[in-house]
Each structure stands twice: as structure tokens, then as C-alpha cells.
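The structure appears below as C-alpha cells.
The values are calculated or read from the model by the stated rules, or taken from the named source; none is laboratory data. Bear in mind the structure is a predicted one, so any value in this text is a computation, not a measurement. Here Cβ is always computed from backbone atoms with ideal geometry, including for glycine, and neighbour counts include all displayed protein chains.
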Amino acid sequence: MQANKIDTATTPDKKIFVKTYGCQMNMYDSIKMQDLMSPYGYGTTDSMDDADMVVLNTCHIREKAAEKTYSELGRVRQLKESRKKEKRNLIIVVAGCVGQAEGDEIFSRAPFVDIVVGPQSYHNLPNLVASIAEGNKNLIELDFIEEEKFDKLPINTSPQGISACISVQEGCDKFCTFCVVPYTRGAEFSRPLEHVYREVLNATSQGAIEITLLGQNVNGYHGKSVDGNDIKFALLIESLAEIKSLQRIRYMTSHPIDMDDDLIKLHGTEQKLMPFLHLPIQSGSNRMLKAMNRGHTREEYLEIMDKLRLAREDIAISSDFIVGFPGETDEDFADTMNIVQHLKFAQCYSFKYSPRPGTPAATKDNQVPENIKNERLKILQDAINKHQLEYNISCVGKIMPVLFDREGKHQGQIIGKSPYMQSVHITNPDETLLGKIIDVRIKEGRASSLAGEVV
Ligand code: 5AD
Ligand code: SF4
């Protein structure tokens, strides 16, 4: 789909509203879409009612994603119709993984949608919008040309505050049998070191002191330096750590098979690298891990944990679990519970298996009944919640440097992030803490947060 170039001289009098579903990668893409449209006269708005352009940046990872998108589109359609009466247009865009997976089907079910773009082609949004303005209809762009996307996206993103997310790797070649990502995000692609470095420099010049490096398999990063050398993930982190004003580095999401010794060791030697790791295991049963095509065993995961603890004793670990994967028996589930009891994660995400169209596991005839999935999820979540609370209580009395990045819901409350990725709440501090890293004594450990006071 080739459309004419849009005129950048447009007066900045329009508004774009982006609704983001799903992961941090989507949030990053949403910011980029706003930045892409800004030179063409689109300011951002938090209210759909003010918008001239509505983007639903969708997620397809779990249940009913497409249905949720269609029902949200129903609401956007009403707005478009009321606009018509005022003789104003509303451009409706479906972006993200549902757009990629559903494709033209979106126009059949929601013909009032103007544009469908996939996660690898949204850099063409300005051209597509220009084409709509010329009277064209139902434009779709779902190509997978990653190099082109990152070359065309602006490196100088609008400020994200003191904690910024930067995409360094996209896509996935692992093909876990439950997952849509390899189909919606395409093959693994790593941005060149120089691109990432420039984007991080831009973020720090705008006040960021923490960055989170994003990727579907971020630790599988294998970019190139300007002189053509291969750069692995540990080296990328080391290079970024040289930026003086950058104080904290995080990354997500990682895969156990890319957790190499250099990266593990770096957790012990690079003080800017935060002592927290989100490392999904999905199941504690080797039989399930094989059926999921995870490429690692339970024992290999445990070995990584041992090495990590040797490198950095206090590292906090988080994970993802799926219960009720096709063929999961009571014994398999017991293996999952056993590893959870053994590792006592600092926090975890857990999901019922949801058959995703087009993935190998979805057509298996040994699907687990819904009531068993529900039972297992409850047992798993009770254990995970108990461990999270115990972990948070174990922090009471400790002094931690907390990065304060947002205001809380209650009057006088501000919230920050501990090195271990816990939310830390403070009420009525004497000084302005927002935007700073301050030592806090932890007074209380709660289910999903800590409360403390400035030392
Ligand atoms: N069903 C349930 N959970 C899933 N996830 C990915 N695909 C599915 C699915 N089909 C979970 C995995 C992954 C997280 C992002 O979402 O646990 O790590
Ligand atoms: Fe999905 Fe597996 Fe790739 Fe993660 S590693 S994105 S779970 S296919």
C-alpha cells in the first residue's frame, strides 16, 4: 500500500487518542504512533470525545482479544456517527496484534474502520492518514519489514518522564505452541546498538534516570555495532551503563534459553542493573515444557536461578505460568506447584491456557476442562500471593533507594519503585520526592506494595 506523503505544514489543531491494550511493547508503540502524528498537526488527548483520530492499539495474547476490540469499536462507531452530524470526520485505526491477526476481517465486521496497521508497519501511519484525507477507504498495511520500521520511527521520542521504556528487540522465533507472538510480531529483530544508544541518550537528556529495555525476547538481543561487530545483550547493557546520568537499567521479557553466563554475571558486577528479573517458566513439568516447545527443562531453569543467586544474592525473581495447557495432568500441575513452593517468587503472573487461533496447541484434542483450569489457577494464585506477601513483609526494616515516579490515589501519597520492582508508598513527605531516588525505610509489607518513610 503506497500512499502520498502527507503535508507536514498542517496546523497543529487536531487530536489523536490512543487506547493501549496489553504489554509494555504496545505502550511503547503507542507513544511512537503519537510522535509520528505530531508533525502532522495531531496533539495527544486523554479523552476519546476530543479526538479527530482514535487508535486502538490491540493485544492478541489471551482470550477474547478480537471480541473485545469489536465491542470497543462499537463505541467508537457511535462517536464517528455523531461527528458526521457535525460534519466532522473521525479517523478510526486498529493497530497492534489483533489488527495483524484479523486483517481484512476487521473491515468485514466493522466497515467504518479507516485503517488497519500491524505492529511492524505502523510507521506508515502518516501516509495512510493522508490517503484517508484524500477520500480513500479501508486501508490496510501489515508488512513485516522491521529494518524499515525502526529506520522510519523518530528516535527523539516525546519525554516519558524519569522512567523510560525503549524497544531494543522485537519478534520471536521460539514458537511456543500456545503463543501468537511469532505470528503477530514476526521474526526476531534487534536494533543496532547505535540506534538504541541514541534513543537512550535522548531519554536521559529529557530527564530519564531509569530505562527499561523492551523486547519479546529481550535477552536474545543480537544487534550490530557501527563497525559491524555482533553485540549481545550483556554488552548492550554495559555500553548503555556508561551513560553517566542513567542510574537504573531494567529489561523485560526474557527467555530462559537466552539467559547466558555473561548476562547472569553482569547482575553481580553492574550496579546500574537492577536486582530484578522477569523470567517466565510457564510450567514446572518437563512433559508440559516439551509440549509447549519451550526449549528448556525445569532443571535448566533451576540451574539459572542458582547461578543468578550466586552472582547477586538479593535478586528478586518474577515469572509467568500457564495452567491447563492441553494434556496437563494433576501430576504436571503438582510439578508446577512444587517449583513455585521451592522458588518462592517475589511476584508472578498466572493465566489459564487460552487456545489462540493459528497456534499448534489450539487444535489439540486433549484440552483441559474449564472447571479444572479454574481450580488450578486458584490454587496457584493463592500460593503466589502468599509468597509475594511474605517477600514484601521480609523487606520491613530495610532501607532501599526508591525511585519516585508518580502520585498516588490518596491525598499526599506518592509512589515509587524499589530496586526489586515493588511499589513503595509514602504519605506526606516533607520534600518533593517526585523524579528522585531517595532512601526509604520500609515500615510495612502488603499484598502488592510496601509502605515506608524517608530516612
Ligand atoms: N494462554 C494463556 N496464557 C498465555 N500467554 C501467552 N499465550 C498464552 C495463551 N495462549 C502468557 C504466557 C506469556 C504471557 C505474556 O502470556 O505466560 O509469558
Ligand atoms: Fe511467545 Fe514463547 Fe516467543 Fe515468549 S518465547 S513470545 S511465549 S513464542
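Filtered by the rule that a residue be under 30 Å from ALA101 (Cβ atoms) and either hydroxyl-bearing (Ser, Thr, Tyr) or over 26 Å from the mean Cα position of the chain (by Cα) (or both), the stretch 330-349 gives ASP332, PHE333, THR336, TYR349.
So which residues in the stretch 300-337 are in a helix (DSSP H, G or I) and within 24 Å of ASP382 (Cα to Cα), if there are any at all? Passing the criteria: TYR301, LEU302, MET305, ASP330, GLU331, ASP332, PHE333, ALA334, ASP335, THR336, MET337. SER318 falls short on exactly one of the conditions (1) more than 15 Å from ligand 2 (Cβ to nearest atom); (2) touching a Phe, Trp or Tyr at 6+ places or on another chain (Cβ under 7 Å); (3) within 25 Å of ARG446 (Cα to Cα), and that condition is (1).
Rundown of residues vs (1) of a type in the set (A, V, I, L, M); (2) surrounded by fewer than 21 Cβ atoms within 10 Å (Cβ to Cβ); (3) in contact with an Asp or Glu (Cβ under 6 Å, 6 or more places away or on another chain); (4) within 22 Å of HIS387 (Cα to Cα), yes/no style:
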site: THR269; (1), (2), (3), (4): no, yes, no, no
site: ILE281; (1), (2), (3), (4): yes, no, no, yes
site: SER285; (1), (2), (3), (4): no, no, yes, yes
site: GLU299; (1), (2), (3), (4): no, yes, no, yes
site: ASP306; (1), (2), (3), (4): no, yes, no, yes
site: LEU310; (1), (2), (3), (4): yes, yes, no, yes
site: SER319; (1), (2), (3), (4): no, no, no, yes
site: THR329; (1), (2), (3), (4): no, yes, no, no
site: MET337; (1), (2), (3), (4): yes, yes, no, yes
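Quick check on the stretch 114-123. Is at least one of its residues within 16 Å of ligand 1 (Cβ to nearest atom) and crowded, with 19+ Cβ neighbours inside 10 Å? There is at least one residue in the stretch 114-123 that is within 16 Å of ligand 1 (Cβ to nearest atom) and crowded, with 19+ Cβ neighbours inside 10 Å. State yes or no: is ASP262 within 16 Å of ligand 1 (Cβ to nearest atom) and in contact (Cβ under 8 Å) with a residue 24 or more places away in the chain? No; evaluated as a whole, the condition is false for this residue.
Taking (1) surrounded by fewer than 22 Cβ atoms within 10 Å (Cβ to Cβ); (2) within 16 Å of ligand 1 (Cβ to nearest atom); (3) β-branched (Val, Ile, Thr); (4) free of Cβ contacts under 8 Å to residues at least 60 places away in the same chain in turn, THR177 satisfies each apart from (4). Every listed requirement among (1) surrounded by fewer than 18 Cβ atoms within 10 Å (Cβ to Cβ); (2) touching a Phe, Trp or Tyr at 6+ places or on another chain (Cβ under 8 Å) is met by PHE351 save one, (1). Within the stretch 239-253, which residues are away from ligand 2 (no atom under 16 Å from the Cβ) and under 10 Å from ILE211 (Cβ atoms)? The answer is LEU240, ILE243, LEU246, GLN247, ARG248, ILE249, ARG250.
The rows are residues; the columns are (1) over 30 Å from ILE426 (Cα atoms); (2) away from ligand 1 (no atom under 16 Å from the Cβ); (3) within 22 Å of the chain's Cα centre (by Cα).
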residue	(1), (2), (3)
PHE351	yes, no, yes
PRO357	yes, no, yes
ALA362	yes, no, no
ASN374	yes, no, no
ASP382	no, yes, no
PRO401	no, yes, no
GLN413	no, yes, no
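Among the residues of the stretch 202-218, are any surrounded by fewer than 17 Cβ atoms within 10 Å (Cβ to Cβ) and part of a loop (DSSP other than H, G, I, E, B)? Yes: one or more hits. The residue list THR157, THR184 contains one member that is more than 16 Å from ligand 2 (Cβ to nearest atom), at pLDDT below 95 and of a type in the set (Ser, Thr, Tyr), which is THR157. Quick check on the stretch 287-297: of everything there that is assigned to a helix (DSSP H, G or I) and in contact (Cβ under 8 Å) with a residue 40 or more places away in the chain, which residue is nearest to ILE384 (Cα to Cα)? Among them, the one singled out is MET288. Here GLN100, GLN120 are screened, and the one residue that is modelled with pLDDT under 90 and closer than 26 Å to MET27 by Cβ is GLN120.
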